[in-house]
Amino acid sequence: MMEIVFKDKTTLIIESELLEKLYSYVQVGSAPENGGVLLGKKDVESETYFVTDLSVPSSKDIKGRFSFIRNKDVTQKLIDQRWKDSDGIENYLGEWHTHPEMQPTPSSVDKKLINIIIEDKSNVFSKVFLIILGIDKSIYVGLANADISKKIIDFKIIKE
Ligand SMILES: [Zn+2]
């Protein structure tokens, strides 16, 4: 299990199984970027969020060596289904994708994506997370508090 505590005390918990699932997408060789959405839930009494699933890339996504554009319809169906199945507890928690670099950092496109999500209110929870997986298995985790700002306010790079 990975527990990430941000400076503002927001906590993100990712189960080991899901980390393994994530690691299976490490970008090797000339493989394209991969990604999807983070699904999860929030603790009722604290700012603790749990990643409960990662959507896996679909054939409708557009994958490039340095870019990844996920298909919106496919993921929206998945989010809606998860919402129903969990009786309104689990929903969209953010985005994940791979980068062909060590110790990945978000690109300007990545930051823009988070801005778009907050602008069009795709997020149900006030926090939106961004996970980027590097080729050395290090993970960048960014957090934006949509109630305050569209900026990614905090992040950590974790190396297992
Ligand atoms: Zn990126």
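Hey, any hits in the stretch 123-141 for a residue that's out of contact with any Phe, Trp or Tyr (no Cβ under 8 Å at 6 or more places or on another chain), polar (S, T, N, Q) and within 19 Å of Leu19 (Cβ to Cβ)? So far as the stretch 123-141 goes, yes, one or more of its residues are out of contact with any Phe, Trp or Tyr (no Cβ under 8 Å at 6 or more places or on another chain), polar (S, T, N, Q) and within 19 Å of Leu19 (Cβ to Cβ). Looking at Asp136, is it assigned to a loop (DSSP other than H, G, I, E, B), more than 16 Å from the ligand (Cβ to nearest atom) and modelled with pLDDT of 90 or more? No. Ile131 meets the conditions (1) buried (at least 16 other Cβ atoms within 10 Å of the Cβ); (2) assigned to a helix (DSSP H, G or I) in every case but one. The failed one is (2).
Of the residues making up the stretch 65-121, those that are within 22 Å of Ile148 (Cα to Cα), away from the ligand (no atom under 16 Å from the Cβ) and not hydroxyl-bearing (Ser, Thr, Tyr) are Asn91, Leu93, Ile118, Glu119, Asp120, Lys121.
Scan the stretch 1-54 for residues that are in contact with a helix residue (DSSP H, G or I) (Cβ under 9 Å, 6 or more places away or on another chain) and farther than 19 Å from Ile79 by Cα and the total you get is 2. In the condition set (1) touching a residue at least 24 places away in the same chain (Cβ under 8 Å); (2) within 15 Å of the chain's Cα centre (by Cα); (3) under 15 Å from Val124 (Cα atoms), Ser86 is compliant with all but (2). Against the list (1) out of contact with any Lys or Arg (no Cβ under 9 Å at 6 or more places or on another chain); (2) surrounded by 18 or more Cβ atoms within 10 Å (Cβ to Cβ); (3) closer than 28 Å to Arg65 by Cβ, the condition Lys156 fails is (2).
Assess whether Lys77 counts as being out of contact with any strand residue (DSSP E or B) (no Cβ under 8 Å at 6 or more places or on another chain) and on the phi > 0 side of the Ramachandran plot. In short, no.
Filtering the stretch 134-144 to residues that are open to solvent by 10 Å² or more (accessible area, probe 1.4 Å) and either in contact with a Lys or Arg (Cβ under 6 Å, 6 or more places away or on another chain) or aromatic (Phe, Trp, Tyr) (or both) leaves nothing.
The values are calculated or read from the model by the stated rules, or taken from the named source; none is laboratory data. Not measured: the values here are computed from a predicted model. Heads up, the Cβs are rebuilt from the backbone with ideal geometry, glycines too, and the neighbour counts pull from every protein chain shown. Just so you know, the surface numbers come from the protein's heavy atoms only, side chains and all, with ligands and any DNA or RNA stripped out. Shrake-Rupley method; radii C 1.70, N 1.55, O 1.52, S 1.80 Å.
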